[in-house]
Structure formats: structure tokens, C-alpha cells
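This report refers to the structure that appears directly beneath it.
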């Protein structure tokens with residue numbers, strides 16, 4: 001019998017103030033069309049565990065077509081369904097091709113639904129940049145980073161950390177010159 005995360009979830013009832021509107025999981029690479037890579041699988045499993053443990057109303061998967069189709073978010077949804085998540089509680093954001101777009105397009109969903117408590121899930125090394133971008137767009141999130149994968153070499157973790165810190169500096173520079181404003185206006189304010 002397939003054991004799901006729902007079977008394993010904590011039996012503690014979530015306090016009403018602790019219950020998020022949604023858990024938002026950011027995408028990562030697939031290893032082939034429709035097959036989650038290790039980071040994507042870790043993020044989904046971690047996000048689903050928090051979805052059940054915290055009693056969230058919804059889980060959102062954010063990730064577009066970065067490599068071969070399908071979009072990362074669709075692969076994530078399929079994996080979450082195998083882990084026992086009710087499909088009616090899953091939302092898909094399948095346009096984002098990078099972290100800024102994760103925040104932009106997921107932010108549109110968050111704003112349209114007037115959500116106030118959103119748990120953001122991504123790898124710990126990626127979280128400072130992701131949380132910075134969400135914050136600069138005015139989207140409040142509770143950031144929960146996934147610890148590094150076991151067995152990952154120290155040199156590999158250091159490369160990831162350096163790349164993310166450089167990405168954070170680049171993101172800060174782009175926000176400083178207002179490069180985000182035309183995209184935010186187009187995506188969040190179109191049709192108004």
C-alpha cells in the first residue's frame with residue numbers, strides 16, 4: 001500500500017492563527033520531460049508535508065516551461081497527487097521561468113484571492129533571494145527553506161550559495177533601477 005504524507009502528518013491541530021491560506025512551492029529542474037529532478041522532488045515532498053501539517057487550504061506550484069515540456073508546475077502537481085493531495089486544493093502557476101517570475105505570477109494569484117498567510121517553500125540556499133524578491137513586490141510570505149540534500153558535496157553547496165548570492169545582488173540592482181515595474185504593471189494591472 002502506498003503511504004501518503006497525509007497518513008504521516010502530525011496529529012496536532014493547527015491553531016487558527018497558524019493555518020496558512022496556502023503553501024507555495026517554487027519549481028526546479030526536471031531530469032527529462034515530465035520526470036522531476038531531485039530538487040523538484042524534495043521541494044514538492046517538503047511542501048506537501050507542510051501543507052498537511054499546517055492544515056493549509058491550498059497548495060500552489062509555481063514553475064513554467066524552462067526545459068522540455070511540460071511545465072514544472074504540472075510535474076509538481078502530478079507528484080503531489082501521488083502523495084495524497086486533493087486535486088481540488090492544488091493551484092498551478094505555469095508561466096514563471098525564473099525566481100522573479102515565480103513571485104510575479106504567484107503574486108497575482110495571492111493578490112486575486114486576497115490571501116494573507118502564505119508559506120513559501122524552496123531550498124535554503126535559494127530562500128534569501130526568493131524571500132527578497134517576494135518582499136520587494138509587497139508579498140508577505142513565511143519563508144521555510146529546505147535543508148541541503150544529504151550527500152551533496154561541500155564544494156557543490158558552496159557553488160550554489162555563491163551563485164545565489166550573486167543572483168541576490170543582481171536582483172537588488174534590478175529593483176533599484178525599477179526594471180521590475182513594467183512587468184508588474186503588465187501582469188498585475190492588465191485589464192484594469
Most packed first (mean Cβ within 10 Å per residue), the peptides 21-34, 47-60 order as 47-60, 21-34
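Fewest to most neighbouring Cβ within 10 Å: what's the order for 187, 118?
187, 118
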Hydrodynamic radius by Kirkwood for the chain, inverse mean 1/r across distinct Cα pairs, in Å, is 17.1
By the mean-Cβ-within-10 Å protection proxy, highest first, 123-136, 150-163 rank as 123-136, 150-163
Bridge orientation stat for the chain from DSSP, antiparallel percent rounded to 5, came to 10
Between residue 111 and residue 82, the FRET efficiency computed from the C-beta separation at R0 = 22 Å comes out, to the nearest 0.05, as 0.15
Ranked from fewest to most other Cβ atoms within 10 Å of their own Cβ, 122, 99, 82 fall in the order 82, 99, 122
Zone reached by a paramagnetic label modelled 7 Å from residue 162 Cα along Cα→Cβ, restricted to the stretch 134-155 with backbone N below 12 Å, covers 155
With -39,500 (n - 2.57) per DSSP H segment of 4 or more residues and division by the full residue count of the chain, the 222 nm estimate, nearest 500 deg cm²/dmol, is -14500 deg cm²/dmol
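Just so you know, all these numbers are worked out from the coordinates, no wet-lab data involved. None of these values were measured; they are calculated from a predicted model. When we count neighbours, we look across all protein chains shown, and the Cβ atoms used for this are built from the backbone with ideal geometry, even at glycine.
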